[in-house]
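Here's the structure we're looking at; comments come further down.
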Amino acid sequence: MADLPIQPFTDAVRDQKERLASLASTGRKVLGYFCTYTPIEVIHAAGFVPVRILGGGTAIERAATLTPTFICPYLRQALEKALRGEYDFLSGVVQGYTCDVACGLINIWELNVPGEIYHAVPLPYVDSPEARTFLRAALGELVEKLNGLGGRLTDETLVTSLDLYGEIRKRSLDLYERRFQGRLPLSAADLLTVVQAGLVTPAEDYLPMLEELAAAAENTPNVEGEGVPVLVSGSVIDEPRVLEILEASGGRVVGDDLCTGWRGFSPPAGQGVDPIDRLMDRHFGRF
């Protein structure tokens, strides 16, 4: 692979606990979330740092006493890490309602992991005038809770956050497109690491990292595609080794449908007359 500047992304993933704990020690609150459908722009616009809670290759011990074995390993591993104190820098969890396990797990976190806010945002699945009215009210409830925690969300801060995350998603989609076309000399595992860094890095710090990577990629030659083309579909992959094994076995990832991948970036933004309309428009335009 070409020498692209991915070390900052690798460092961000590796050192996430220390970096986020240091940030929290300055007084800035860090809020965790489980799912790509969580309205993170609202969290950011209120003045907090949204970070995705990851699982990883964590052995289930303490969490086994609080959860059944049939729920997804990702959420059990995330709880395990929290019970071990690895998420002590969080001030709470905000979750977009997408599956019963994630929303049920918030209650277990609230009972067992200290925090100032635990909230599930109910999200409508079908677009209709009634659904938009419902979602606007649900987002208003979230804003009220965040402001009660010390947040200061305004239309201006929400516009800034929407623009920032929209640019991040746009640039991320461009990197995906380049790789799928053979114009980005990064392995699937490396690209996942780039994405993961964005999940655990403040957005205003992450965008310059992406911009530097994109600029370096402009001058790289095309990559000869080798291996069986593979579409990776599912929910969460937070272990790059999964993709390393796949490509080492003769596969070539040419696309993905993952919450920790392309699904999180498309579409990059929404349209509307006010920032809440823009936020809702993107929600209803997603898969």
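The values are calculated or read from the model by the stated rules, or taken from the named source; none is laboratory data. Keep in mind it's a predicted model, so treat the numbers as computed, not measured. When we count neighbours, we look across all protein chains shown, and the Cβ atoms used for this are built from the backbone with ideal geometry, even at glycine. SASA here: full protein model, heavy atoms, side chains in, ligands and nucleic acids out. Shrake-Rupley method; radii C 1.70, N 1.55, O 1.52, S 1.80 Å.
Computed from phi, the 3J(HN,Hα) profile of region 46-55 under the Karplus parametrisation 6.51, -1.76, 1.60 (θ = phi - 60°) reads 7, x, 9, 10, x, 10, 7, 7, 10, x Hz, with x in place of Gly and Pro.
Per-residue SASA remark: residue 170, around 130 Å² accessible (1.4 Å probe; ligands, DNA and RNA not included). With the helix formula -39500 (n - 2.57) applied to DSSP H stretches of n ≥ 4, the chain reaches a computed 222 nm mean residue ellipticity of -15500 deg cm²/dmol. Less than 5 angstrom separates the built amide H of residue 120 from those of 95, all sequence-distant by 5 or more or on a different chain. Rolling a 1.4 Å probe over the heavy atoms of the protein chains gives the chain an accessible area of 46 Å² per residue. Once divided by 2.2 N^0.38 Å, the Cα radius of gyration of region 1-143 becomes 1.14. Peptides 109-115, 238-244, ordered by how many other C-beta atoms sit within 10 Å of their residues on average, highest first, read 238-244, 109-115. Whole-Hz Karplus values for region 179-192 come out as 5, 5, 8, x, 10, 9, x, 10, 6, 4, 5, 5, 5, 5 Hz, taken residue by residue from phi with 6.51 cos²θ - 1.76 cosθ + 1.60 and θ = phi - 60°; glycine and proline positions read x.
Each part gets one Cα centre, and for region 160-226 versus region 30-90 those centres are 24 Å apart.
The label point for residue 160 and the one for residue 181, both projected 7 Å from the Cα toward the Cβ, are 3.4 nm apart. Here the label points at residue 233 and residue 248, each 7 Å from Cα along the C-beta direction, are separated by 2.7 nm in the simple model.
In summary, the aspartates and glutamates within cross-link reach of residue 81, defined as a Cα separation below 20 angstrom excluding same-chain residues under 8 places away, comprise 11, 15, 18, 61, 110, 116, 238, 239. Pair-distance distribution of region 138-287: all C-alpha pairs, bin width 10 Å, starting at 0; shares per bin in whole percent are 10, 35, 33, 16, 6, 0. One quarter of the surface of the convex hull around the alpha-carbon atoms of region 201-245 equals 5.1 nm², the direction-averaged projected area.
Across region 3-15, computed HN-Hα scalar couplings (Karplus, 6.51 cos²θ - 1.76 cosθ + 1.60, θ = phi - 60°) run 8, 9, x, 9, 4, x, 6, 4, 5, 5, 6, 5, 9 Hz from first to last residue, x flagging Gly and Pro. Diffusion coefficient of region 59-183 by Stokes-Einstein, Kirkwood radius over Cα pairs, 25 °C, 0.890 mPa s: 141 µm²/s.
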